[in-house]
Amino acid sequence: MAEEKEKSIEKIVEAPPEIGRFGQFLKEHGIASEKLPDAAGGIEVISLDAKNLQSALKILRSSEETKLDLLITVSGVDSRQSGGTFDSVYHLWSYDNLNELVIKVKIKADEVEEDSLPAVPSITNMWPAANWHERETYDLVGIKYLGHPYPRRILNPWDWDGHPLRHDYVQIVDALNDKNPHSFR
Amino acid sequence: MYELQVSQIFIFVIVGFALPALGMIGLAWGLQNVLGYHTPNPIKNQPYECGMKPLQEAIVQFDVRYYLYALLFILFDIEVIFIIPWALATDNLKNIFGQEALLLGPLEILVFLIILTFGLAYAWKKGALEWE
Amino acid sequence: MEFVNVQELVSTGVAEALAFYFIAALAITLSIGVISDKNVIRAGFLLIGVFGGISGLFFLLQAQFIALAQVMIYAVGITLVVVIALMLTNPRLQNEEAEEEAIASSEPALLKFLDSIRNGFPGLVAWIAFVTVYMAIRSEHWEQSTQTIGEDNIAVIGRALTTDYSLPFEFASVLLLAALIGAIMLAKAEKVEDTDTPREGIESGSN
Amino acid sequence: MSTEIKSTELKTDEMIINMGPQHPATHGVLRMLLTLDGEFVKHAEPVIGHLHRAQEWQGQNRTWFQYQALIDRVDYLSGMFTSWAMARSCEVLDECEVPERAEYLRVMVSEMNRISSHLLWLGTYLIDLGAMFGFPFYPFREREKLLDLFEEIAGQRMMFNYIRIGGVQRAPNDAWLKRLKAFTEEFEDRVDEYEAIVTENPIFLKRTKEIGILPLSLAKQYGVTGPSIRASGTDMDLRKTKPYSVYPKLEFDVHWLDKPEGGDTWDRYILRIREMRESNKIIKQCLDMLPTEGELSGKKQNAGLRVKAGEAFSSVESPRGILGCYVISDGKDKAIRFRWRNPSFCNLSVLSELLVGSPIADIMAIFGSVDVILPDVDR
Amino acid sequence: MNAAEIYKLSRLAIFWLSVTFGAVWVACWGVGVFIPSLITGKMPFLLQVDNPSTTVVFIADLLRSLTPILSLLVFIPINAMFMVLFERRSLALFTVRMGPNRHGFDGLAQTAADAVKLLFKEDITPRGADAFMFTLAPIIFFAPSIFGALPLLAAVTNNHDLFKVANLPTGIFYILAAASIPVVALVMAGWASNNKYSLVGGLRSAAQAISYEIPLVLSLVTMCLLAGTLDVVEIVEQQKGGILNWNILGGGALSGYDKLAPYWLNLVDTSFDTSAMFGQFYPVPWLSSIMAFVLVICTVLLFGLYLTGACAEINRIPFDLPEAESELVSGYNTEYSGIKFAIFFLAEFTNLFVVSSIATVMFLGGGDNPIPKWILDRLPLEPISNALGSLLSPLIKDLMFIDPATFWAAFWVIVKVYSIVFFAILVRGTLPRFRIDQLMDFGWKRLIPLALILFVVVVFARTWVVCHG
């Protein structure tokens, strides 16, 4: 069991050197990306700079070759323990072919200033579907999406404190029996 | 007999209005005040809007659509009320062989209705009957 | 089983007189309510009582047809039209008026006087109309009819409509048609496209 | 006073109104902020979160074994699919083989669940349309039979916890299979019955045709999936496009309508009806092909259940669309991150576009037709 | 269908109908017959008074003249309780459910318990509501159902002495005028509640009721045209003699056939010359016969028109938009609770009963039995009725306990009225709800033209046929 665990952690650390199909495609269009270890099932995972996200997605979505026009989810991952980053993960599919791609935008946790949130550009202007996903990620993981039309909490009450899905989250107030002191309700 | 009926109806109308009024006063105010059921508070008295605080007063400047229907209703109602006395004068409808009047009554009401049907057709064509 | 006593009581006219005064008082009270109520929509609703009272008076005069037509057309139809039309008014205007009044009360005396004349003018016209009608009614000598009213008096009206008054009957339909077309013309007036200001975002968590 | 009346004089105020969370027809606790012009919607905004139960948080704070018992509650009407999505993610990650017998059982119970979910949808949709007391209980009659079957095989009528990581919980006995067979045989007639009452009902047609039209491009932008997008002109069904489990071995059709300009609520209704028939076919085939002997699970079911480190995203075609589960594991007893991709969540977000311009009466007809389960939205 | 459930439903109906009409009968008999007879000394074996004083006679008369309203006051609440339970159990039957089956014996007392609960609930007036109008609305809504239905009483009890006084020469017109009043109350309730759902519901109900009132009134006026009178008692009187005489079948256009059928079927003296008699009813034989059947078709359509209009007028599914719960929560009565809500509820079910009674009186022959008279005459009923009569004669003669004519009239009325009520429930159990614009379209563009056309056709067809009037 212990050996197995060791092995699997190694799997994350060892990044395959060669570039993937979509990485190649982006490179041809002048966008640099970093190949990350494949997700289970052999799905390509790439990492992008926050500033490249919009342009890369635009190409990936409109190009006939890739046609990744179905935004499955936008998820936030607090991976400070393993990689020291906040990840904003985009699962892209295609309605018409079998293409699948996972894009990660990694924001280094130590570059984020105290009392502020990691920021990633919003893609709501491209996919209205991202609107609620980004709001949810903001709500639960605490990643700010710049340029989002309505950056509010979505699942938690608007006066909730903290971001519950962060690993260091401690619930300050017993939501059932106690009232939030900052609440205006 | 006839006068009696009218005054009787008059009594009935008064009873009809008085009874629910008295019942409501008796039960809603009397009984509830005696039994202490009446305990209003601000949240209970808030107008129901699916559990949220109303965002706005309910009485606003409201829809024009109902207005047109109401106008049309009055006109057609008057028409019906014209028809009623005509329909009761059964002499109008005796068969043509027993009368010299030769369908005069039916023709008269036909003309009356045709003129009004123009009105309905006009309203239809103008889109007055559409709930836009 | 004859209804000896009740009928006697009614036919003496005492009950009829009592009923008349009761209904008349009701109708007058409610009509005063209609003109004096600050809330226009509530005033509109009070109309149903006024028309109902008038219908009761017709009932007492044994004009059942007119009484019921009164209920159907006036107490229900007209009241509804009036109320729905009043809902088209802006409820905020009433508050504005109240503000205007407050401003007016601080005006100089002369202006106030002129204002009161201006405001009193409709009342004056109403009084003149009322006095005229009243005088006209009083100056006429009304004969008391001894004719009893048949139970089928509606049929009598109907017969009259087809014989002596058939032309007015047809004209009534023309009148109705004209009214209908007029109503549609008014209500379906050419709509000017709204130049809508963009909607302000509603705060989703505003309460 | 003639045609010169400006509409500004008779302009009506906008009325801002809350519909929900405590509204008899919002299927739970959805709140919609409506801006009305008369009786017509000028702007609609769904406000969610009233039912948030922190399902993702629980994924991070429960062991694998504990959490797999919880997730049926995400979409309580199709618990098999949520279980299956999680199981698939973990199996892909774990590179764990699922025995064939378990796969057939999974397909079978999932399709049963699809039918029961659509049946409930059908009943409640008719309630939304105002057939308050009449028809809704006929679908419930059949659903009841399915729930009885579920109860027998999983011990639960709604929160099954039947599909486990690596396989399924237990095998059905012959009596159960016989009953299921009897059900599949009569079910086709039952669907005919519903169709006889509903499909061509003039009032139903009037209420559902030409309203809530969802154009294909709009649906794609909002990530709409499931029958709702198949009514708008694409044949995307994971069971065919990205086949998983034993679906490739089964014969069935994916129904879709070639309507790029958009499917209306009636189209969405008819697709669900057809889907029920197809599911019935699948169950019949599974009953014939189900191996009588064999392993049920490729993984030991106990509190020490672990999943290898790494990340995986797997999805299944639930009755409402693509139900995905994104899981990140570090090989320890709890996951690092569970992320659900719920079809209702995405399908609901398109509602604010669909409702604009429709009268109040159509709100529920449209809302019902996209088939949203609020717990699935709020998690 | 489930036989056990049907048995339970009929048991419920029989139980509650006997309770309802038993109570009404006891009240009427007690106040209208027993007490007056007792105090004026007309009870042969109880009390002998030779010359009752004027006061005593006056009191007796007053009691008698109040019987109609008393009967309604007793009838309305109990009937509403019955109809609610009946509706719930029937719907349960149609939708394979159980229905209320706990309170009382197998759920028989469910609505009684509900009524008690409603009366004791707190009466809430929402903030910002116009308290006066808010209270007035249920009164105005309820009052017409008390005084509006009065003329029907005389018609359905076969013009019983006690109820004669309720009749009016303008009967049906009076009923229609009274029935149009509640609309204003709905708008009032909606406006006074200071609630958006209520306001929209109230205005909708106004738009709906006024649109469907015109076809409704037109269909009834057409029937009055055939009958030649507005007096409901007279209309019922005309329809006597079996189903062929009912207004639903041509308004008397078939009465000639009814009269001649026994001759054609050789049931009576065959030497009778039928053609002369036929000519009396149908002046131009072939044309008149065609017109008679045209009238039959028209009246059947008018019956449907009436039922549709009535359904809309009283806000039943598929026209229950003012309180469409999937849109407007509960429409105009969203804010109402306790006794005020109870009054709305009571009036709604009473209205359903009233429109069914109007249909019975205007179309289905009131208290007439459906068997044509010439068949009834040939049945050996006389000995039975004689035996029953002699058996019951002390009750009938001395105590004035039962009046056979009224009893049978009331029996048939009950059967017919509750059949229509049952039909309305069946419709509710089957159909979805219209949308408001479709509803208005249906009213103005289909029903009103249809009503006008039917009216004109009936006017012309009637000139060739001798009808009742």
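Shielding value for E:228-235 is 3, the average number of Cβ atoms from other chains within 10 Å of each residue's Cβ. Rg over Rh for chain E works out to 1.00, using Cα positions for both radii and the Kirkwood form for Rh. Here region E:1-113 is treated with +1 on each Lys and Arg Cβ and -1 on each Asp and Glu Cβ, and its dipole about the Cα centre works out to around 380 debye.
Cross-link reach is defined here as a Cα-Cα straight distance under 20 Å, omitting same-chain residues fewer than 8 places apart; for D:Lys249 the lysines meeting it are D:Lys181, D:Lys240, D:Lys281, D:Lys284. Ranking E:Ala253, E:Leu439, E:Tyr282 by how far each Cα lies toward the positive end of the dipole of region E:121-462 (charges on Cβ) leaves E:Leu439 at the top.
The GluC sites (Glu not before Pro) of region A:65-155 meeting both criteria, a DSSP state outside H, G, I, E and B (loop) and at most 15 other C-beta atoms within 10 angstrom of the site's C-beta, are A:Glu65, A:Glu113, A:Glu114. Working from Cα pairs under 8 Å separated by at least six residues, relative contact order for region A:2-146 is 18 percent.
Region D:164-226 and region D:349-379 have Cα centres spaced 19 Å apart. Put in order of Cβ neighbour count within 10 Å, fewest first, the listed residues D:Arg320, D:Arg272, C:Arg159, E:Arg446 become E:Arg446, C:Arg159, D:Arg272, D:Arg320.
Fewest neighbouring Cβ atoms within 10 Å first, the residues C:Phe45, C:Phe22, E:Phe341 line up as C:Phe22, E:Phe341, C:Phe45. Relative to the Cα centre, the charge distribution of the protein assembly as shown, modelled as +1 at Lys and Arg Cβ and -1 at Asp and Glu Cβ, gives a dipole magnitude of about 1880 debye.
In chain D, taking the dipole from charged Cβ atoms about the Cα centre, the farthest positive-side position among D:Thr63, D:Ile197, D:Pro343 is held by D:Thr63.
What angle do you read, to the nearest 10 degrees and between 0 and 90, between the alpha-carbon axis of helix D:174-198 and the longest principal axis of chain D? Tilt of helix D:174-198: around 10 degrees.
Between the listed residues D:Gly155, E:Tyr306, E:Asn351, the Cα displaced farthest toward the positive end of the dipole of the protein assembly as shown, a dipole computed from Cβ unit charges relative to the Cα centre, is found at D:Gly155.
Projecting label points 7 angstrom from Cα along Cα→Cβ for C:Arg138 and D:Thr63 puts them 10.4 nm apart. A Cβ-based charge dipole, computed about the Cα centre of chain E with Lys and Arg at +1 and Asp and Glu at -1, lands at about 740 debye.
Only DSSP H runs of four or more residues enter the estimate; each adds -39500 (n - 2.57), and after division by the residues of chain D the mean residue ellipticity at 222 nm equals -14000 deg cm²/dmol. 3J(HN,Hα) along region C:19-36, derived from phi through the Karplus expression 6.51 cos²θ - 1.76 cosθ + 1.60 where θ = phi - 60°, amounts to 4, 4, 5, 4, 5, 4, 4, 4, 5, 5, 4, 5, 5, 5, x, 4, 7, 9 Hz, with x in place of Gly and Pro. The HN-Hα couplings worked out from phi for region C:66-71 by the Karplus form 6.51 cos²θ - 1.76 cosθ + 1.60 (θ = phi - 60°) are 5, 4, 6, 4, 4, 5 Hz, whole numbers, x standing for Gly and Pro. Does anyone have the angle between helix D:265-289 and the longest principal axis of chain D? Alpha-carbon axes, 0 to 90°, nearest 10? Between the helix axis and the principal axis of chain D, the angle is about 10 degrees. Taken over the protein assembly as shown, the percentage of Cα pairs per 10 Å bin, counting from 0 up to the bin with the maximum distance, is 1, 7, 14, 17, 17, 14, 11, 8, 5, 3, 1, 0, 0. Here region E:194-280 is described by how far its Cα atoms reach on the three principal axes: 77, 21, 20 Å, from widest to narrowest. Residues C:Glu170, C:Glu143 in ascending order of nearby Cβ atoms (within 10 Å, fewest first): C:Glu143, C:Glu170. When shorter helices are ignored and each DSSP H run of at least 4 residues is given -39500 (n - 2.57), the per-residue value for chain E at 222 nm works out to -21500 deg cm²/dmol. Pair-distance distribution P(r) for region D:284-379, from all Cα-Cα distances in 5 Å bins starting at 0: 3, 10, 13, 13, 13, 14, 13, 9, 6, 4, 3, 0 percent. A straight Cα-to-Cα reach below 18 Å connects E:Lys416 with the lysines E:Lys240, residues fewer than 8 places away in its own chain not being considered.
Distance from the alpha carbon centroid of region E:1-37 to that of region E:145-211 works out to 25 angstrom. Residue pairs exceeding 18 angstrom between C-alpha atoms, taken from D:Lys299/D:Lys332; D:Lys206/E:Lys196; A:Lys104/A:Lys144; A:Lys35/D:Lys332; D:Lys42/D:Lys209: D:Lys206/E:Lys196; A:Lys35/D:Lys332; D:Lys42/D:Lys209.
Within straight-line reach of E:Lys117, meaning a Cα separation under 20 Å, sit the following lysines at least 8 residues removed in sequence or on another chain: B:Lys44, E:Lys340. Other residues with beta-carbon under 10 Å from the beta-carbon of C:Gly77 carry, at +1 per Lys or Arg and -1 per Asp or Glu, a net charge of -2.
A short reminder: the numbers here are calculations on the coordinates, not readings from a lab. None of the values given here were measured: they were computed from a predicted structure. Here the Cβ is made from the backbone with ideal geometry for all residues, glycine too, and neighbour counts use every protein chain on show.
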